[in-house]
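Input: a single structure, listed below in structure tokens.
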Amino acid sequence: SKKRYPSISVLLTFMIIDLYGKAFVFLEETDTSYVVLSPERPLSPGAFSLCMKVASELPPNREIILFSYRTKDYDELNVWQEFNGTFTLYLSGPGVCFTLPPLSTLGTHMCVSWELKSGLTDFWVNGKRTIRKVLRPGHRIQPEGVVILGQDQDSFGGSFDKAQSFVGEIRDFYMWDYVLPPYLIEHVSHDHSFPKGNIFDWKSLSYNYLWCKDLQ
Ligand SMILES: *[C@@H]1O[C@H](CO)[C@@H](O)[C@H](O)[C@H]1NC(C)=O
């Protein structure tokens with residue numbers, strides 16, 4: 001029988017590099033490769049806009065994690081494609097579901113905004129806004145968690161499920177601690193003159209890229 005060695009993980013050192021024109025590329029379905037992002041300020045915003053360009057050939061009937069922010073005991077902020085092809089923003093349990101065009105290999109520019117006082121939530125696809133819905137008015141997102149792209153965290157920084165992993169490319173990843181007005185979301189979608197992401201900015205993103213392989 002084949003001798004099995006324990007998994008090894010290779011951690012490329014902590015980097016702050018200019019990612020302009022680049023992308024995080026997730027080549028295959030795994031429960032071992034992911035990107036950990038370090039926010040530029042504590043992630044406990046009273047509002048946010050989160051934007052990224054996502055390209056994928058995963059089918060619309062597969063769960064796909066698009067953004068996972070978790071503190072020790074709670075999923076704080078998650079963005080999913082659901083089994084039924086809808087897209088959901090979850091804040092610590094409750095979520096709001098939106099019907100959006102499917103992801104494709106050609107890339108979709110996607111943003112989601114939320115505001116604490118009103119709970120108003122909307123998605124944006126290629127610079128166009130959905131209807132607005134309400135999610136958890138008054139809810140406070142807790143700081144000091146871990147942000148991961150590529151995998152869903154079922155425990156703090158771990159417990160991944162490959163059937164929920166992201167496969168494809170993510171680029172132009174930004175997050176602001178306020179709701180961007182419509183004209184600026186449109187600018188972001190065209191990559192044309194907009195304010196620096198003060199939580200995450202693609203042009204100065206701090207990240208670790210973990211790539212673990214089972215050596216046989
Ligand atoms: C799709 O799935 C989500 C999550 O399970 C659920 O909240 C939503 O109601 C479903 N939508 C439809 C149209 O079935």
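The values are calculated or read from the model by the stated rules, or taken from the named source; none is laboratory data. Since this is a predicted model, take the numbers as computed values, not measurements. Glycine gets a Cβ as well: all are built from the backbone with ideal geometry, and neighbour counts include every protein chain shown. The accessibility values were calculated without ligands, DNA or RNA, using every heavy atom of the protein model including side chains. Shrake-Rupley method; radii C 1.70, N 1.55, O 1.52, S 1.80 Å.
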* To do: Working carefully through the options ILE170, ILE131, find the one that is β-branched (Val, Ile, Thr), open to solvent by 30 Å² or more (accessible area, probe 1.4 Å) and either part of a loop (DSSP other than H, G, I, E, B) or modelled with pLDDT under 95 (or both).
  => ILE131
* To do: Filter the range 68-91 down to the residues that are within 16 Å of the ligand (Cβ to nearest atom) and open to solvent by 10 Å² or more (accessible area, probe 1.4 Å), then identify the one that is modelled with the lowest pLDDT.
  => ASP75
* Asked: Is there a residue being open to solvent by 20 Å² or more (accessible area, probe 1.4 Å), of a type in the set (Val, Ile, Thr), at pLDDT 95 or above and within 14 Å of the ligand (Cβ to nearest atom) anywhere in the range 104-120?
  -> no
* Name every residue in the range 47-79 that is among the hydrophobic types (A, V, I, L, M, F, W, C), assigned to a strand (DSSP E or B) and in contact (Cβ under 8 Å) with a residue 60 or more places away in the chain, in order of residue number. => ALA47, PHE48, LEU50, CYS51, MET52, VAL54, ALA55, ILE64, ILE65, LEU66, PHE67, LEU77
* Residues within the range 134-145 that are open to solvent by less than 80 Å² (accessible area, probe 1.4 Å), in contact (Cβ under 8 Å) with a residue 40 or more places away in the chain and farther than 26 Å from LEU100 by Cβ, tallied -> 1
* Structure fact -> Pairing a residue in the range 83-103 that is part of a loop (DSSP other than H, G, I, E, B) with any residue that is near the ligand (Cβ under 8 Å from one of its atoms) and open to solvent by less than 40 Å² (accessible area, probe 1.4 Å), where Cβ atoms lie under 6 Å and the two sit 6 or more apart in sequence or on different chains, gives THR99/THR86
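Residue check: is GLY46 within 16 Å of the ligand (Cβ to nearest atom), of a type in the set (Gly, Ala, Ser) and open to solvent by 10 Å² or more (accessible area, probe 1.4 Å)?
Judged against the criteria, GLY46 is not a match.
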